[in-house]
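The values are calculated or read from the model by the stated rules, or taken from the named source; none is laboratory data. None of the values given here were measured: they were computed from a predicted structure. Here the Cβ positions follow ideal geometry from the backbone for every residue, glycine too, while neighbour counts run over all protein chains shown. Calculation scope for accessible area: heavy atoms of the full protein, side chains included, ligands and nucleic acids excluded. Shrake-Rupley method; radii C 1.70, N 1.55, O 1.52, S 1.80 Å.
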Amino acid sequence: MAEHPKPTREQAEDAVRTLLSWAGDDPGREGLIDTPKRVAKAYQDWFSGYGDDPAEYLKRTFEEVEGYDELIVLRDIEFESHCEHHMAPIIGKAHVGYLPAGKVVGISKLARVVETFARRLQVQEKMTAQIAQVIQDVLQPLGVAVVVEGAHECMTTRGVHKRGVSMITSKMLGAFRDDARTRAEFLRFIDVGVGR
């Protein structure tokens, strides 16, 4: 992918003024005068994942686990992302599990991996696969399972205007793909789709 020079903050704010004008409003009116600055600041937060390397969070591991080799699951990791098609919010939860192969990682690091990928323009299917693959690549466990549940505002606030709809995606690697019992245990742990 070719590198594009990063626009300046002033250019980003000018782009917001252009969009405000295009929408039919006056970017110079009192209520909108500081909107370009606020939007640029919000974008820095919403898309901060581009500045992070999720693999770095997983590099510090612990091997003193007394031979623990059973399923580790972190469920209900809340996230906010934006779809790459309309830049509309995706709000949801991710559930991450892995079968360690002699080492474990701090659970906050799993949440940080989810957060890093969520804070980029995304397609939920791609985000689900990215989370699973980086955990597999860095930790090299016996298997990784990721399930993501997301509500897509691009579908609820525009287009078909369907509220209350959520999408569930999953990515299973290693033992979770090969062993139905391991996969079933993970799905029981996260209890997806059951009113909890």
Restricting to region 95-104, name every residue that is at pLDDT 95 or above and open to solvent by 10 Å² or more (accessible area, probe 1.4 Å). 99
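Find the residue count for region 114-147, including only residues that are among the aliphatic types (A, V, I, L, M), touching a Pro at 6+ places or on another chain (Cβ under 6 Å) and over 26 Å from residue 181 (Cα atoms). Break it down stepwise before answering.
First, the residues of region 114-147 that are among the aliphatic types (A, V, I, L, M): 114, 118, 121, 123, 127, 129, 131-132, 134-135, 138-139, 142, 144-147.
Subset that is touching a Pro at 6+ places or on another chain (Cβ under 6 Å): 134.
Checking the rest, the ones that are also over 26 Å from residue 181 (Cα atoms) come to none.
Of the residues in region 114-147, 0 are among the aliphatic types (A, V, I, L, M), touching a Pro at 6+ places or on another chain (Cβ under 6 Å) and over 26 Å from residue 181 (Cα atoms).
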So which helices (runs of 4 or more DSSP H) stay within region 138-196 end to end and still have 3 or more residues that are modelled with pLDDT of 85 or more and surrounded by fewer than 18 Cβ atoms within 10 Å (Cβ to Cβ)? 180-190
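May I ask you to list the residues in region 87-97 that are touching a residue at least 40 places away in the same chain (Cβ under 8 Å) and of a type outside the set (Lys, Arg)?
Residues of region 87-97 that are touching a residue at least 40 places away in the same chain (Cβ under 8 Å), as a first pass: 88-97.
88, 89, 90, 91, 92, 94, 95, 96, 97, listed by residue number.
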Name every residue in region 26-75 that is under 21 Å from residue 106 (Cβ atoms) and polar (S, T, N, Q), in order of residue number. 48, 61
Counting only residues that are assigned to a helix (DSSP H, G or I) and open to solvent by 10 Å² or more (accessible area, probe 1.4 Å), which one in region 118-133 is nearest to residue 152 (Cα to Cα)? 125
On the given criteria, is residue 46 closer than 29 Å to residue 132 by Cβ, out of contact with any Gly (no Cβ under 7 Å at 6 or more places or on another chain) and modelled with pLDDT of 95 or more? yes
Residue pairs within 7 Å by beta carbon, gap of at least six or interchain, first lying in region 98-111 and under 19 Å from residue 127 (Cα atoms), second open to solvent by less than 20 Å² (accessible area, probe 1.4 Å) and assigned to a loop (DSSP other than H, G, I, E, B), listed first then second, are 98/141; 109/58
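Which one is nearest to residue 116 (Cα to Cα) among residues in region 1-36 that are polar (S, T, N, Q) and open to solvent by 70 Å² or more (accessible area, probe 1.4 Å)? Please lay out each step first, then the result.
Our first condition is that a residue be polar (S, T, N, Q); within region 1-36, this holds for 8, 11, 18, 21, 35.
Filter once more, so that each one left must be open to solvent by 70 Å² or more (accessible area, probe 1.4 Å): 11, 18.
Numbers: 11: 25, 18: 29 Å.
Going through the qualifying residues, I end up with 11.
If the requirement is being crowded, with 20+ Cβ neighbours inside 10 Å, acidic (Asp, Glu) and in contact (Cβ under 8 Å) with a residue 24 or more places away in the chain, which of these qualifies: 84, 80, 70, 115?
Testing whether each residue is crowded, with 20+ Cβ neighbours inside 10 Å, acidic (Asp, Glu) and in contact (Cβ under 8 Å) with a residue 24 or more places away in the chain leaves just 115.
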Would you mind stating whether residue 157 is of a type outside the set (Gly, Ala, Ser), farther than 25 Å from residue 71 by Cβ and touching a residue at least 12 places away in the same chain (Cβ under 8 Å)? yes
Just to verify a result, which residue in region 37-67, among those that are open to solvent by 60 Å² or more (accessible area, probe 1.4 Å), touching a strand residue (DSSP E or B) at 6+ places or on another chain (Cβ under 9 Å) and not in a helix (DSSP H, G or I), is nearest to residue 7 (Cα to Cα)? 59
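Within region 80-97, count every residue that is under 24 Å from residue 185 (Cβ atoms) and either out of contact with any helix residue (DSSP H, G or I) (no Cβ under 6 Å at 6 or more places or on another chain) or in a loop (DSSP other than H, G, I, E, B) (or both). I'd like the intermediate steps shown before the answer.
Residues of region 80-97 that are under 24 Å from residue 185 (Cβ atoms), as a first pass: 92-97.
This time we only want the ones that are either out of contact with any helix residue (DSSP H, G or I) (no Cβ under 6 Å at 6 or more places or on another chain) or in a loop (DSSP other than H, G, I, E, B) (or both), so: 92-93.
Here the count works out to 2.
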